[in-house]
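Take a look at the structure set out below.
The values are calculated or read from the model by the stated rules, or taken from the named source; none is laboratory data. The structure presented is a predicted model; accordingly, all values stated were derived computationally and were not measured. Every residue, glycine among them, receives a Cβ derived from its backbone with ideal geometry; neighbour counts consider all protein chains shown. In case anyone asks, the SASA skips ligands and DNA or RNA and just uses the protein heavy atoms, side chains included. Shrake-Rupley method; radii C 1.70, N 1.55, O 1.52, S 1.80 Å.
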Amino acid sequence: MAGFSIADLVSARGDKSLELWARTINPQFARVLKTIGFDRTWERAQGAYLWDKRGNRYLDLLGGFGMFNVGRNNPRVRAALVEALELDLPGSVQLGASPLPPLLAEELIRRTPPRLERVLFTSTGTEAVEAALKLGRAATGRPRVVFADHGFHGLTLGSLSANGNPEFAARFGPLLPGFSAVPFGDLAELERELAHEDVAVFLVEPVQGKGVNLPPAGFLEGAQQLCRRYGTLFCVDEVQTGFGRTGKLFAFEHWGLEPDLVPVAKSLSGGYVPVGALLMAKAVHERVFDSMENAFSHGSTFAPNELAMAAGLATLHELDEQRLIERSAELGLKLLELTRPLVERYDVVREVRGLGLMWAIEFGEPASRARAYRFVDRLQPGLFAQLVVVPLFADHRVLSQVAGHAIPVIKGLPPLVVTEDDLGWFAEALDATVARAQKLPRSVSRFALTAAGIR
Ligand SMILES: Cc1ncc(COP(=O)(O)O)c(C=O)c1O
């Protein structure tokens, strides 16, 4: 196309991205980036690394919130996308069957327990969850949904109604009626809810993303049994935990579960194209799509998207070919081995936990410097974690994130292509950063005031 070039646009305007974001997309987001010093101009990315404009290399422990399991700009997923574009495929005929969606559906079904036999594609994780809620209600003829405290399933209104973190939902009510929370791990409370026999869906993450909370022993297996006993559909949200993140293709495999509904998204398309899917039992599908008249009961214009399907097929192939799932399990153990000693070494470190390459470190009030810690925590609960995230980035070039609002937890979701050396880089950086932050020197307290919006 004469006169149009993405490269020219980026080279002419790329330096001003933050200002442009602030003016056209979200000024508060730009403020946050500046406050925590994350206001870099990013130039390129590959695998587990990002490079800024000055050529500095950063280790990506954040992984695009978990969408880059096969690594950023994975060359083989990219090649599949280029090939799909060059084929001039028919794309969404809408009233016609194109080849890629059922091929990806078949590959997904082939990798899951026999109970899961149908796939409904979406474009995001939250839409896959919405589909689970909506289809679950129709399939059971029941109105209610039970979810877990601290759960996170997306930010559209249905998913938000099942959000166990009040800060996300508070200003957006009224939410959908019939949604109730139970503590993550409390089977007795879950049974009290399900025993009413009016609950369509129990929606739960196998490992909770907000905080990286692992399920207590027996909880998920017990929850599945209770769901079967009381006629509730068991919905395991694998949007974040899926595609090798926890050292299995799906986290539910750790407990031998056979859910009725499984929303997936994020890494399915290698991070290139928006994608989501709801994997479901045939019985659920057949009760909703039960006649020609009801053949279009749920869907969306862009789903399934042809490029998302091509990327999805290539991503599953890549996970197998590069043994990324096994790698996640092995490197996850290595990461725990490297970082668990911090619990002994630093009073302020409460716990290091993880499953595969879903990892977290939790802080808590230390015996020494307790008053300084409390001061920081009163400014903003959980702020100590930010006091580690900021220098990890500024001084050690490791991109990480706090694991949720008001909790002193840092989380890691690195691309599964990270190396052992990368994990060493991170562990050393973390050690040095925690050592300094624990002393809560004046500079750290000054930053805490800025971050809390006080100065
Ligand atoms: C467990 C879980 N479910 C659902 C979602 C929502 O996915 P999306 O952001 O693609 O809408 C997320 C996003 O972080 C998630 O972690």
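Per-structure values
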{"read-out": "Any chance residue 237 is of a type outside the set (Gly, Ala, Ser) and either more than 21 Å from residue 145 (Cα to Cα) or over 12 Å from the mean Cα position of the chain (by Cα) (or both)", "value": "no"}
{"read-out": "Members of the stretch 295-316 that are open to solvent by 50 Å² or more (accessible area, probe 1.4 Å) and either over 20 Å from residue 94 (Cβ atoms) or free of Cβ contacts under 8 Å to residues at least 12 places away in the same chain (or both)", "value": "295, 296"}
{"read-out": "Every residue from the stretch 134-170 that is closer than 19 Å to residue 206 by Cβ and within 12 Å of the ligand (Cβ to nearest atom)", "value": "147, 148, 150, 151, 152, 153, 154, 159, 162, 163, 164, 165"}
{"read-out": "Residue 86 vs. criteria loosely packed, with under 11 Cβ neighbours inside 10 Å and either of a type in the set (Gly, Ala, Ser) or farther than 26 Å from residue 402 by Cα (or both)", "value": "yes"}
{"read-out": "Test result for residue 131, more than 16 Å from the chain's Cα centre (by Cα), within 16 Å of the ligand (Cβ to nearest atom), at pLDDT below 95 and outside any strand (DSSP E or B)", "value": "no"}
{"read-out": "Pair list, Cβ < 8 Å and 6+ apart or interchain, from the stretch 232-244 residues that are more than 15 Å from residue 325 (Cβ to Cβ) to residues that are hydroxyl-bearing (Ser, Thr, Tyr)", "value": "232/140; 233/140"}
{"read-out": "Pair list, Cβ under 7 Å, 6 or more apart: the stretch 320-348 residue of a type in the set (Lys, Arg), other residue surrounded by fewer than 14 Cβ atoms within 10 Å (Cβ to Cβ)", "value": "334/420"}
{"read-out": "Residue in the stretch 109-124 that is within 16 Å of the ligand (Cβ to nearest atom) and over 30 Å from residue 399 (Cβ atoms) present", "value": "yes"}
{"read-out": "Residue among 128, 138 that alone is closer than 25 Å to residue 288 by Cβ and open to solvent by less than 10 Å² (accessible area, probe 1.4 Å)", "value": "128"}
{"read-out": "Failed criterion for residue 218 (all others in (1) away from the ligand (no atom under 16 Å from the Cβ); (2) touching a Lys or Arg at 6+ places or on another chain (Cβ under 6 Å); (3) of a type outside the set (Asp, Glu) hold)", "value": "(2)"}
{"read-out": "In the stretch 172-189, the residues that are over 18 Å from residue 210 (Cβ atoms), out of contact with any Gly (no Cβ under 8 Å at 6 or more places or on another chain) and not acidic (Asp, Glu)", "value": "173, 174, 177, 178, 180, 188"}
{"read-out": "Residue within the stretch 4-27 that is open to solvent by less than 30 Å² (accessible area, probe 1.4 Å) and closer than 30 Å to residue 332 by Cα present", "value": "no"}
{"read-out": "Filter result for residue 437 (within 13 Å of residue 363 (Cα to Cα), open to solvent by less than 40 Å² (accessible area, probe 1.4 Å) and assigned to a helix (DSSP H, G or I))", "value": "yes"}
{"read-out": "Candidate set: the stretch 387-413, residues that are in a loop (DSSP other than H, G, I, E, B) and under 18 Å from the mean Cα position of the chain (by Cα); chosen: the one surrounded by the most Cβ atoms within 10 Å (Cβ to Cβ)", "value": "413"}
{"read-out": "Hits in the stretch 221-274 (condition: among the polar types (S, T, N, Q) and within 13 Å of the ligand (Cβ to nearest atom))", "value": "240, 241, 246, 267, 269"}
{"read-out": "Exclusive hit being at positive phi and either out of contact with any Pro (no Cβ under 7 Å at 6 or more places or on another chain) or of a type in the set (Asp, Glu) (or both), set 369, 374, 353", "value": "369"}
{"read-out": "Residue 433 being of a type in the set (Val, Ile, Thr), at pLDDT 95 or above and within 30 Å of residue 318 (Cβ to Cβ)", "value": "no"}
{"read-out": "Failed condition for residue 98, given (1) over 30 Å from residue 411 (Cβ atoms); (2) part of a loop (DSSP other than H, G, I, E, B); (3) at pLDDT 95 or above", "value": "(3)"}
